Amino acid sequence: MIEVKNLVDVRTLLKQFGLVVYTGDAEADKALMVDELKELQEMGLIAKETFIAAYRILK
């Protein structure tokens, strides 16, 4: 499991998969990050525990 403690950790996690989210709107960024995390978890690329930790930070 990848340790995710804050928003920077979430962004770093997404960068590991080549995903950079920046729209200029913080709420839109969070919504897009949640969508990307869901896809990564559904594809089995991140553990469910990592997804839950990141999701809690974004909500």
Residue order, fewest to most surrounding Cβ atoms within 10 angstrom, among Phe17, Phe51: Phe17, Phe51
Give me the mean projected area, in nm² to one decimal, of the convex hull enclosing the Cα positions of region 7-58. 3.1 nm²
What full-extension length gain, to one decimal in nm, is calculated for Asp29 and Glu42 as 0.36 nm per residue of separation minus the Cα-Cα distance? 2.7 nm
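Only the coordinates and a few stated rules stand behind these numbers; no lab work does. Owing to the predicted nature of the structure, the values given are computational and were not obtained by experimental measurement. Virtual Cβ from ideal backbone geometry, glycine too; neighbours counted across all protein chains shown.
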